[in-house]
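Note sheet for the following structure.
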Amino acid sequence: MLRFIRRRVAQSVIVLLGVTLVVFTLIHLVPGDPVRVGLGIRFNEATYLALRHRAGLDKPLVVQYFSYLGHAVTGDLGVSFQTGQPVTQILFQRLPATLSLAVTGLIIGVLIAFPLGVLAAVRHDTWIDSGARVISQLGVSVPDFFIGILLILGLTGTAGSLPPSGYVSLTSDPVEWGRHVLLPALAVGLVSASILTRFIRTAVLEELGRDYVRTADAKGIPAATVLRRHVMRNAFVPVLTVVGVQLATLLGGVIVVEVLFAWPGLGLLTYQAVEERDYPVLQGTVLLIAAIFLVVNLLVDLLYAVIDPRISLR
Amino acid sequence: MTTPSAQFTEPVADPATAATGDAAAGRPSAGSARDVARVLVRRPLALGGLLVICLMVVLALFGTQIAPNGENDVDVSQMLTGPSAKHWFGTDELGRDVLSRVIIAAHASLEVSVVSVGAALVAGVLLGLLAGYYGRFADSFIMRCMDVLFAFPVMLLAIAIVAVLGAGISSAMIAIAVVYTPIFARITRASVLSVREEVYVRAAVSIGVPDREIIGRHILPNVAGPIIVQTSLSLGFAILTEAALSFLGLGVQPPQPSWGAMLYDARGFVEQAWWMAVFPGLAIVLTVLSFNLVGDALRDVLDPRRRTQLEAAGRP
Amino acid sequence: MSEPVFAVRDLRVSVRTRRGLASIVNGVDLTVDRGRTLAVVGESGSGKSMTMLAATGLTPSGVRVSGSARLLGTDLRTMRARKLRSFRGRHAGFVFQDPLSSLNPLMTVGRQIGEAYQLLQGRSRADARRRAVELLGQVGIPDAEQRVDSYPHQFSGGMRQRVMIAMALACEPELIIADEATTALDVTIEAQVIDLVTELQAKLGTAVIWITHDLSVVAGMADDVAVMYGGRIVEQSPVDELFEHPAHPYTKALLGARPRIGDRSPLAAIPGSPPNPLRLPPGCAFYPRCPVRGDARCATELPPLAPVGHEHRARTFYADVADAVPGGSMS
């Protein structure tokens with residue numbers, strides 16, 4: 001198992017390096033001079049030169065890359081073209097909002113998908129099963145921001161009492177945070193639920209078909225206990241991994257929903273950086289989100305290896 | 001052992017299950033056309049999906065003829081009116097007929113989807129063939145690059161690329177093509193690997209049949225099945241991605257309509273004019289659902305072993 | 001004579017497939033008495049496993065079953081699902097073919113063995129564990145105290161099967177059903193397992209149904225044999241009688257097909273293949289492959305299971321009991 005861990009971590013490191021290369025290259029693919037473009041109408045010779053120097057754009061490419069890498073490792077991701085604020089600082093200001101949205105959305109998704117998926121598997125080949133499959137097909141076909149729009153139409157303004165946008169941090173006022181996070185989390189969570197339902201259904205169905213379930217049935221264990229003790233426990237690991245992957249996906253996938261609901265997280269930040277041509281910030285968000293995505297996937301894989309006794313006890 | 005996270009993007013090239021069935025045996029899927037027809041008939045939903053897709057294609061090609069009004073015909077006296085006999089889907093803030101715009105928008109939405117997925121398919125299959133067939137260094141290098149692309153969430157990468165290239169329909173197409181190339185590469189590579197070791201392929205190699213012919217005659221037919229399935233699914237998801245990009249103002253630019261761009265227009269008027277957002281949105285849902293249903297039905301015929309894995313992450 | 005432990009009457013099993021109705025079991029009658037071993041022998045596809053699964057209510061959904069199956073006098077087929085489960089659990093133990101897939105890979109062996117004992121007989125966890133250790137000892141697994149907390153994959157094939165046996169015995173059932181229990185094992189391990197079952201049976205007085213395709217296994221341990229073909233019993237008799245005076249051409253062919261030490265003549269395989277359950281022939285199912293075809297009625301009329309000797313019945317119009325195995329006796 002240790003060999004597996006080493007190999008997997010090594011692979012992730014290589015990919016991460018590749019990611020930094022891509023992110024680094026981004027700024028150089030901008031047609032024209034990124035700093036000039038970034039400053040736009042606020043162009044000013046002195047600021048231009050200073051930012052150019054700070055971004056290291058006056059040095060040869062290769063040197064730039066390693067310098068970028070070196071700085072990134074120490075937590076220096078440059079400064080915003082817009083505000084001059086260190087990118088790293090901005091990122092960590094915005095991270096909690098995205099985290100709270102993604103986690104809440106995922107929880108909603110799991111709360112819906114879990115009973116639905118298990119029920120569909122246990123009652124498979126009945127209308128419950130077909131219904132669940134159609135619903136999840138539908139859920140996967142809807143853009144999350146469209147669900148958001150529908151929710152806004154249905155539950156805010158004159159139709160309801162929930163706020164259509166804005167943010168209150170969890171730590172300062174949980175209730176208000178709750179009221180504000182509900183709609184965006186639902187938008188994200190419903191799509192998540194669809195994906196998870198399909199997977200949970202398949203995972204449970206697979207376990208139900210296994211020989212050891214027949215043995216448990218033959219032994220006389222009550223059906224509900226077989227489900228709980230044998231099927232669910234064994235399906236737990238694959239289900240956990242997909243939930244983990246979903247979390248990773250959500251962290252990078254809430255961009256549009258954040259924009260729709262003016263939720264000040266990394267997604268909205270990314271969008272704003274694009275609009276404002278603030279390339280260092282854009283690089284920063286892309287790097288951070290991709291890195292988190294990578295790390296979460298890695299952790300899920302490692303967790304899988306650790307939990308399954310067939311692998312860890314060898 | 002396939003790592004769990006890779007499960008959702010990497011097709012399992014399991015030798016035990018690989019060499020089963022017509023598709024895997026490298027036999028050209030002539031009989032499969034009949035199988036496809038049979039499956040579609042038995043699943044009315046998939047058949048419905050196919051019909052909807054055909055409808056959308058018709059709209060995309062002949063939209064301007066079919067629509068009652070032009071996409072930019074402005075009627076100042078009828079701004080922001082709800083659905084009525086004159087305007088079935090209502091009018092937008094400039095007095096334009098929403099129904100006409102939805103019909104005409106099919107063109108841009110489908111064009112972006114088809115072109116970008118087409119490009120991703122060509123690039124992905126090519127890379128997958130190179131990686132799978134020539135192995136070793138080419139394989140490692142190409143697949144590491146694909147891994148790097150996979151490390152980015154779809155929207156993030158698409159936005160970043162569009163940001164760099166400048167907003168617009170061609171940037172969107174390029175971005176989507178780049179984002180969707182890796183999945184085609186992986187599928188192709190897996191199929192190539194499963195077939196490469198078959199005895200008849202090795203026999204062909206040993207008697208000196210040129211690579212080109214081996215690939216064309218033995219390997220590609222085996223790849224065709226999963227690729228077709230993936231294409232159908234990706235076409236649907238590409239529409240979603242384009243819609244998201246356009247909704248952010250980064251894709252199709254006004255005044256050209258695409259369903260996503262119409263949602264962008266609708267942003268400021270959600271409370272006052274629900275029809276501006278709902279109808280384009282429904283068009284998107286209907287079309288993507290159709291591609292998914294057809295793709296699922298095709299998967300049962302052409303590639304049953306990948307079912308479990310792809311269903312997991314939102315990875316199209 | 002006391003009531004048989006297990007009595008199956010006119011069991012029929014069919015499945016609706018895309019290509020039509022598949023008749024897998026076509027009217028099977030079986031009885032097992034206390035302390036006796038019945039071997040059910042047949043090729044794959046003969047319906048032998050399905051008979052047992054259907055009789056005990058373990059078939060997957062979509063399978064149609066009719067007939068009666070009385071365990072200790074109570075008809076399992078008419079019981080409600082919940083009662084059936086606990087009744088079956090307490091009075092029947094199962095040993096399946098592949099112990100690796102038939103055991104839960106993520107649960108310790110001890111917990112699996114003791115599970116039914118704990119839940120069905122209302123015992124505590126500690127009692128269940130003690131019972132598991134005791135059973136592991138009985139089936140001959142050394143260091144039972146330690147091994148009870150191990151996982152299935154940590155045992156060898158033969159040991160795993162012993163674990164299955166231990167699990168089957170947990171609630172002291174009156175009947176054990178072993179479905180191809182030794183098919184996946186090496187010959188030497190197989191012999192050990194068979195010895196174990198025989199020994200336990202003698203000690204506990206359990207009735208055993210042993211399902212197999214291997215006649216040589218039968219010879220050493222069964223009291224009675226039922227030969228199945230095409231979903232029906234084609235011959236039924238005490239074991240010695242079967243080997244010395246087989247009546248049905250199929251049984252004779254099976255016996256003749258076994259390799260014998262010292263005999264260098266070519267193996268006599270049975271030509272042809274088993275009947276298609278979607279299209280069973282109207283008469284005797286073995287007719288298309290029968291080397292004898294001794295009676296005109298064979299093709300069109302289904303022979304009844306008729307007596308051909310002491311407690312010996314065969315389903316054939318051509319029962320010539322005087323004919324011994326071609327080429328000599330079974331020694």
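If you scan the range C:13-28, which residues turn out to be surrounded by fewer than 16 Cβ atoms within 10 Å (Cβ to Cβ) and either among the β-branched types (Val, Ile, Thr) or under 30 Å from C:LYS203 (Cβ atoms) (or both)? Once the filter is applied, which keeps residues that are surrounded by fewer than 16 Cβ atoms within 10 Å (Cβ to Cβ) and either among the β-branched types (Val, Ile, Thr) or under 30 Å from C:LYS203 (Cβ atoms) (or both), the range C:13-28 yields only C:THR17. State whether the residues of the range C:308-317 include one that is at pLDDT below 85, among the hydrophobic types (A, V, I, L, M, F, W, C), over 20 Å from the mean Cα position of the chain (by Cα) and surrounded by 14 or more Cβ atoms within 10 Å (Cβ to Cβ). Yes: the range C:308-317 contains one or more residues that are at pLDDT below 85, among the hydrophobic types (A, V, I, L, M, F, W, C), over 20 Å from the mean Cα position of the chain (by Cα) and surrounded by 14 or more Cβ atoms within 10 Å (Cβ to Cβ).
Within the range C:192-209, the set of residues being touching a strand residue (DSSP E or B) at 6+ places or on another chain (Cβ under 8 Å) and more than 19 Å from C:GLY140 (Cβ to Cβ) comprises C:ALA207, C:ILE209. Being within 20 Å of B:PHE152 (Cα to Cα) and either within 14 Å of chain C (Cβ to nearest Cβ) or at pLDDT 90 or above (or both) is a property that does not hold for A:VAL231.
Which of the residues that make up the range A:145-184 are in a helix (DSSP H, G or I), over 22 Å from the mean Cα position of the chain (by Cα) and free of Cβ contacts under 8 Å to residues at least 24 places away in the same chain? Residues satisfying the conditions are A:LEU150, A:LEU153, A:GLY154, A:PRO174, A:VAL175, A:GLU176. For the range B:275-296, the count of residues that are part of a loop (DSSP other than H, G, I, E, B) and touching a residue at least 24 places away in the same chain (Cβ under 8 Å) is zero. Screening C:ALA132 on (1) modelled with pLDDT under 90; (2) under 19 Å from C:VAL197 (Cα atoms) shows it passes everything except condition (1). Just one of the listed residues (B:VAL199, B:VAL205, B:VAL270) is more than 27 Å from B:VAL114 (Cβ to Cβ) and within 14 Å of another protein chain (Cβ to nearest Cβ), namely B:VAL270.
Looking across the range B:155-193, the residues that are surrounded by fewer than 24 Cβ atoms within 10 Å (Cβ to Cβ), away from chain A (no Cβ under 14 Å) and among the small types (Gly, Ala, Ser) come down to B:ALA177, B:ALA190. Contact map, the range A:192-218: first residue buried (at least 24 other Cβ atoms within 10 Å of the Cβ), second residue of a type in the set (D, E, K, R), Cβ cut-off under 6 Å, separation 6 or more or different chains; pairs are A:ARG198/B:GLU311; A:PHE199/B:GLU311. A:GLY252: under 29 Å from A:ALA10 (Cα atoms), part of a helix (DSSP H, G or I) and either in contact with a strand residue (DSSP E or B) (Cβ under 7 Å, 6 or more places away or on another chain) or more than 11 Å from chain B (Cβ to nearest Cβ) (or both), yes or no? Here the answer is no, as A:GLY252 does not meet what is asked. Taking the range A:257-286 as the range and being under 23 Å from A:LEU29 (Cβ atoms), facing chain B (nearest Cβ under 10 Å), part of a helix (DSSP H, G or I) and not aromatic (Phe, Trp, Tyr) as the test, the residues that pass are A:LEU266, A:GLY267, A:THR270, A:ALA273, A:VAL274, A:GLU275, A:LEU282, A:GLN283, A:THR285, A:VAL286.
Of the listed requirements (1) buried (at least 24 other Cβ atoms within 10 Å of the Cβ); (2) among the β-branched types (Val, Ile, Thr); (3) modelled with pLDDT under 85, A:VAL237 misses just one: (1). For the range C:136-151, a residue qualifies if it is away from chain A (no Cβ under 14 Å) and in a loop (DSSP other than H, G, I, E, B), and the qualifying residues are C:VAL139, C:GLY140, C:ILE141, C:PRO142, C:ASP143, C:VAL148. Of everything in the range C:152-184 that is among the hydroxyl-bearing types (Ser, Thr, Tyr) and within 18 Å of the chain's Cα centre (by Cα), the residue that is nearest to the other protein chains (Cβ to nearest Cβ) is C:THR183.
Taken over the range B:257-274, the criterion of being within 29 Å of B:GLN230 (Cα to Cα) and part of a loop (DSSP other than H, G, I, E, B) is satisfied by B:PRO257, B:SER258.
Of the candidates C:LEU53, C:LEU38, the single residue that is modelled with pLDDT of 90 or more, part of a helix (DSSP H, G or I) and not small (Gly, Ala, Ser) is C:LEU53. A single member of A:ALA187, A:ALA120, A:ALA132, A:ALA113 is within 18 Å of A:LEU240 (Cα to Cα) and part of a helix (DSSP H, G or I), and it is A:ALA113. Taking the criterion of being aromatic (Phe, Trp, Tyr) and within 19 Å of the chain's Cα centre (by Cα), no residue of the range C:66-91 qualifies.
The values are calculated or read from the model by the stated rules, or taken from the named source; none is laboratory data. Computed from a predicted model, the values in this text were never measured in an experiment. Here the Cβ is made from the backbone with ideal geometry for all residues, glycine too, and neighbour counts use every protein chain on show.
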